[in-house]
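I have placed the structure first, in the form of structure tokens, so that the comments after it can refer back to it.
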Protein chains: 2
Amino acid sequence: MPVYNAPLEDIKFVLNDVLDASSLTKIEGYEEATGDLVEQILEEGAKLCENVLFPINQSGDEEGCTLKDGVVTTPKGFKEAYKEFTEGGWCGVSGDPEYGGMGLPMLVNTVMQEMICSANFSFGMYPGLSQGAYEALHHYGTDEQKQTYLPKLITGEWSGTMCLTEAHCGTDLGLMRTKAEPNGDDSFNITGSKIFISAGEHDLAENIIHLVLARLPGAPEGVKGISLFVVPKFLPEDMSRNGIECGSIEHKMGIKASSTCVMNLEEAKGWLVGAPHKGLKAMFTMMNAARLGVAMQGLGIAEVAYQNGLAYAKDRLQMRALDGAKFPDKPADPIIVHPDVRRMLLTSKAFCEGSRALSYWVGMNLDISLKHADPDERQAADDLVALLTPIVKAYQTDMGFEISSLAMQIHGGHGYIWEYGVEQYARDARIAMIYEGTNGIQALDLVGRKMGAHMGRYLRRFFHPVSEYIEANQANEKLQEFVFPLAKSFAKLQQSTAIIAQKGLKDPNEAGAASVDYLRQFALVAMGYMWIQMVEAAQKKLDEGTDNKKFYESKIKTARFFFARMLPEGDWHFKAVMSGADNLMDMTEDEF
Amino acid sequence: MPVYNAPLEDIKFVLNDVLDASSLTKIEGYEEATGDLVEQILEEGAKLCENVLFPINQSGDEEGCTLKDGVVTTPKGFKEAYKEFTEGGWCGVSGDPEYGGMGLPMLVNTVMQEMICSANFSFGMYPGLSQGAYEALHHYGTDEQKQTYLPKLITGEWSGTMCLTEAHCGTDLGLMRTKAEPNGDDSFNITGSKIFISAGEHDLAENIIHLVLARLPGAPEGVKGISLFVVPKFLPEDMSRNGIECGSIEHKMGIKASSTCVMNLEEAKGWLVGAPHKGLKAMFTMMNAARLGVAMQGLGIAEVAYQNGLAYAKDRLQMRALDGAKFPDKPADPIIVHPDVRRMLLTSKAFCEGSRALSYWVGMNLDISLKHADPDERQAADDLVALLTPIVKAYQTDMGFEISSLAMQIHGGHGYIWEYGVEQYARDARIAMIYEGTNGIQALDLVGRKMGAHMGRYLRRFFHPVSEYIEANQANEKLQEFVFPLAKSFAKLQQSTAIIAQKGLKDPNEAGAASVDYLRQFALVAMGYMWIQMVEAAQKKLDEGTDNKKFYESKIKTARFFFARMLPEGDWHFKAVMSGADNLMDMTEDEF
């Protein structure tokens, strides 16, 4: 039986000792953003994840969703769990109090997303999509739309979706064909077919509020002619059924308890959200939060995979330690004595803890970017979020899959067997590298849109603090062993940045050819910057005296592993970046 | 619909122009080992894979195997395909002519294994396991046993299994509990339970011949007290049912059309194969061939994944090329115009072609090691096989999974959907990293058993030719750009080899801590050595004049990609090796 325990100790360490999330309390409305209230909320949330969502994760994978006569049935227990989830107010953690939300920072939501995805990735899709619909309407909806939809989305009585993709257009939304015809009143008749619609149809909520991209008559071609509409499954005025129906659900590798629907719209009634032809812009506004949410899926699945790999490694008796039996009274030693099993576990631990700090940092800056009183602070935070979001999305989801695969490897043959639970993590994790912009698209966003923006201003939001940190600590004896490798990898990152900026100006394929390797190189430096700060925080605790020495000493040892064995991966990607585009572009199509 | 075309052109290039497989014709019995006969056989085999095995691969995954009343039913079409496979003589390609085999080199089998696994990984498990049983009996069986079993295994009327694993012992066979009690005649009563038995029960063959490891009464503890028995499902004397039954079949991530069985033995009648207590040695004799077979599974699945990624990349229209529309008349450009899609495709292509050369090289040496007239030649080949087998097994299966995942990524959202076929490749591929010795065990085999053997003699079988090649070609203008990076990475390999040898002597955990990174570093150098020879062969063809310039020029461009972007991965692993064991072993168990 798989295990999951919410990593509250580490979460609190990151929030309180590494990031100083208490700085959020200076923001109006967030006065209680950290401390007891938030800790209580997270403890309650952890219980919900451990006791309600996790127990139906495996059965949900086995049963999957079923479609019959246009009705999607979720697996056993999902309805009850959703009820408990919504009644606990978890759909409204960072929702606007004006509409019934708790008004807590997004950061609290970010932490919850991690735990929810550890416990039950599929389940998390339903409130996750509602969150997206909530934000679209909160930002761009009319007052009437807000009054109609937001309170119900916050209670979870209604859920939401985002209907973007069509069969012939995923990344390339400019090719979209779904049409919206004005009805003469303020409504539109929308016709078309959307695919890959998560939570498009299900039996958890009373109503489903679809946010649909479509073209108005005479709209400009391409992405500049796309508008956003709200299309409820049941019309709020009389709860009559609207013309949007689930045509089929996908047979997927994983997240089988999350319904992925083909949604057919036949003269479905919808209302414009925001300005005509500005639908894509509305979508992009929410993109950072959505992509951070996907990054949390990567971390969440890695965390639960790690926990299961660790439990198995401590339990499974097989062979003796290479340097002699550690438990001579047992028939064999637990496999955690083996260096390579430790390598896999430490890779997992170093990733989870490092990326927890990194993604919470982004989450915290997302709050600052939205709510801080000082516009300069807001701008600085917004820049940092813009820069780091594609990085955490791509890196954390790549690693979510990789760490799940490591957990399988630790389990040996049992890792391949459904009952042990870990192969599900790998299957579930895989989607996060693809949706919400494939990881290749994230990398293009980084080199194409973020890198050069405002003469490198986004980049400086990260490069300057790292630079300053290295400078300030180069003589710090206790950090010495970490400052040096960080400085070296940072120097290489600056070098590859300069090369891409310079070559990419002349030939955009040069930037494209470097993009994925560059993103990984960047992510590793960012992880190093997090790890050194975690060492500093842990060292401080140890110097002050603590009764939890084990926790803080483990941090320092894990950092040592990260700097010795994971950070050097960046050198490889650096070389790939520096090798240029010719080795990719010289191939003619028929030479492949 | 997924596609598969056997890569015959590349297979012939490797056999004829890179490896000079015609040298096998100097071996007695192998006079026709290459040339027309083998090419005809491979062409026939390719047709069988494309037209018979591939069309039932996806349906086999969907339907899976079912167990009812002890009877396992394979998916629709498998019985007919097996009949066609066996009637074509494909179970006996390299079987002993004395028992009805074709007597062709193992290398022909190795090539067939690649194509079979591309077409239908699950199907390949059934004849694959028979091959293992065949070899165990051929090496260690009595004349009577050989007469009884081998002809039927060669025709495929009967199939075989290897029953090693028990619930509490996978890697650590010393913990085995299955018992064999002598019956007074030459037979034994065998009782115990085996798990993860591939092809343990199915409806393809008339009889199943299990090779079972068990303990004789009073046998020494541990691995020195294990004996090998042949336990037929139906006793050959009267075809009465023996006491070995399938208790359940596993619910697995992939290879769903291959039955993975719990086999319960209750006083099953069996006969000793080879000497008492020497069962493990008998198993290990066949290990190189079996592990090479698994390496071919990695390559096979990568090849078919690559082909499907490529087909999709040429077909899918989405976005414009970064440097301007390539097909302005189409609504968008095919995604193969994008540098990062090309990076994924070239990674796949460079892996498949490089590892094809590498693993066929191992396969050819396996033949030489078994059959060459000159004992020195046999020894040299045997050493090389011993050294490279764990490397190709681990590297090629790791990459089989990775390349399948890249094919999914190229497919975007469709990659996650069952109908497109590529997510099945990832699920199928994943097992090969685990079975036949996990890839961590392969790495321990490399550093623990192969590296130091005979004062480094195995290593020299690889290091010397590489060294000589570099020396001989350092002034070769056409190879210059490849010789230099190969020499650099080779120097680092020699350095890490020396460090592991030196540190590992004092502390075996040092060797264990380096093992997996070292194996990957080694594999990349071996791939580099193959790629440079392929460049040389291609260059020769171009210099001679050829009407297939595209093929040879593509080779050189792919090599350029490999050296620029894949080989540098070794630098990362080199640093990990050099970082030593402390960063793994310093963690106490409760600090994880």
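Observations
- Looking at region B:492-592, the helices (runs of 4 or more DSSP H) lying wholly inside it that each contain 3 or more residues that are closer than 30 Å to B:I11 by Cβ sit at B:508-544, B:549-561, B:569-578.
- Checked against (1) under 28 Å from the mean Cα position of the chain (by Cα); (2) among the hydrophobic types (A, V, I, L, M, F, W, C); (3) at pLDDT below 95, B:V516 passes all but a single condition, namely (3).
- Residue in region A:151-165 that is at positive phi and in contact (Cβ under 8 Å) with a residue 40 or more places away in the chain present: yes
- Considering residues of region A:155-169 that are outside any loop (DSSP other than H, G, I, E, B) and touching a Gly at 6+ places or on another chain (Cβ under 8 Å) only, the residue nearest to the other protein chains (Cβ to nearest Cβ): A:E166
- Qualifying residue in region B:281-298 (condition: within 13 Å of chain A (Cβ to nearest Cβ) and either of a type outside the set (D, E) or not in a helix (DSSP H, G or I) (or both)): no
- Tally of residues being more than 40 Å from the chain's Cα centre (by Cα), under 21 Å from A:T165 (Cβ atoms) and more than 9 Å from chain A (Cβ to nearest Cβ) across region B:319-337: 1
- Residues within region B:280-312 that are more than 17 Å from the chain's Cα centre (by Cα) and closer than 17 Å to B:S130 by Cα, tallied: 1
- Remark: B:S355 falls outside the filter, which requires a residue to be within 11 Å of chain A (Cβ to nearest Cβ), hydroxyl-bearing (S, T, Y), within 18 Å of B:P7 (Cα to Cα) and touching a residue at least 12 places away in the same chain (Cβ under 8 Å).
This table checks each residue for (1) assigned to a strand (DSSP E or B); (2) assigned by TED's automatic domain parsing to the domain that holds B:T86; (3) buried (at least 19 other Cβ atoms within 10 Å of the Cβ).
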residue	(1), (2), (3)
B:Q147	no, no, no
B:L150	no, no, yes
B:L153	no, no, yes
B:T171	no, no, yes
B:A180	yes, no, yes
B:D185	no, no, no
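- Considering each residue of region A:131-143 in turn, none proves to be within 14 Å of chain B (Cβ to nearest Cβ), under 30 Å from A:G440 (Cα atoms), of a type outside the set (G, A, S) and touching a Cys at 6+ places or on another chain (Cβ under 9 Å).
- Of all residues in region A:352-404, those that are more than 19 Å from A:M286 (Cβ to Cβ) and among the hydrophobic types (A, V, I, L, M, F, W, C) total 9.
- Qualifying residue in region B:244-259 (condition: within 20 Å of B:T148 (Cβ to Cβ) and either of a type outside the set (K, R) or modelled with pLDDT under 95 (or both)): yes
- Residue match in region A:266-278 (condition: more than 30 Å from A:L216 (Cβ to Cβ) and outside the structural domain of A:E569 (by TED's automatic domain parsing)): no
- Residue in region B:447-459 that is more than 9 Å from chain A (Cβ to nearest Cβ), in contact with a Phe, Trp or Tyr (Cβ under 8 Å, 6 or more places away or on another chain) and in a loop (DSSP other than H, G, I, E, B) present: yes
- Residues in region B:161-204 that are of a type in the set (S, T, N, Q) and within 18 Å of B:S130 (Cα to Cα): B:T161, B:T165, B:S198.
- Verdict on A:R427 being within 30 Å of A:E62 (Cα to Cα), among the basic types (K, R), surrounded by 24 or more Cβ atoms within 10 Å (Cβ to Cβ) and within 14 Å of chain B (Cβ to nearest Cβ): yes
- Residues in region A:20-66 that are out of contact with any strand residue (DSSP E or B) (no Cβ under 7 Å at 6 or more places or on another chain) and not in a helix (DSSP H, G or I): A:D20, A:I27, A:E28, A:G29, A:Y30, A:E31, A:E32, A:A33, A:T34, A:G35, A:G64.
- Some residue of region B:397-420 being within 14 Å of another protein chain (Cβ to nearest Cβ), outside any helix (DSSP H, G or I), touching a residue at least 40 places away in the same chain (Cβ under 8 Å) and in contact with a helix residue (DSSP H, G or I) (Cβ under 7 Å, 6 or more places away or on another chain): yes
- Unique match (being part of a helix (DSSP H, G or I), within 21 Å of the chain's Cα centre (by Cα) and either outside the structural domain of A:N120 (by TED's automatic domain parsing) or at pLDDT below 95 (or both)) among A:A429, A:A487: A:A429
- Contact map, region B:555-572: residues that are more than 7 Å from chain A (Cβ to nearest Cβ) paired with residues that are of a type in the set (A, V, I, L, M, F, W, C) and not in a helix (DSSP H, G or I), Cβ distance under 8 Å, separation 6+ or inter-chain. Pairs shown: B:T558/A:M587.
- Taking the criterion of being surrounded by fewer than 23 Cβ atoms within 10 Å (Cβ to Cβ) and either touching a His at 6+ places or on another chain (Cβ under 7 Å) or within 7 Å of another protein chain (Cβ to nearest Cβ) (or both), the residues of region A:573-582 that qualify are A:K575, A:S579, A:A581.
The values are calculated or read from the model by the stated rules, or taken from the named source; none is laboratory data. From a predicted model like this one, the values you see are computed outputs, not experimental measurements. Quick reminder, even Gly has a Cβ in these numbers, built from the backbone with ideal geometry, and neighbours come from all protein chains shown.
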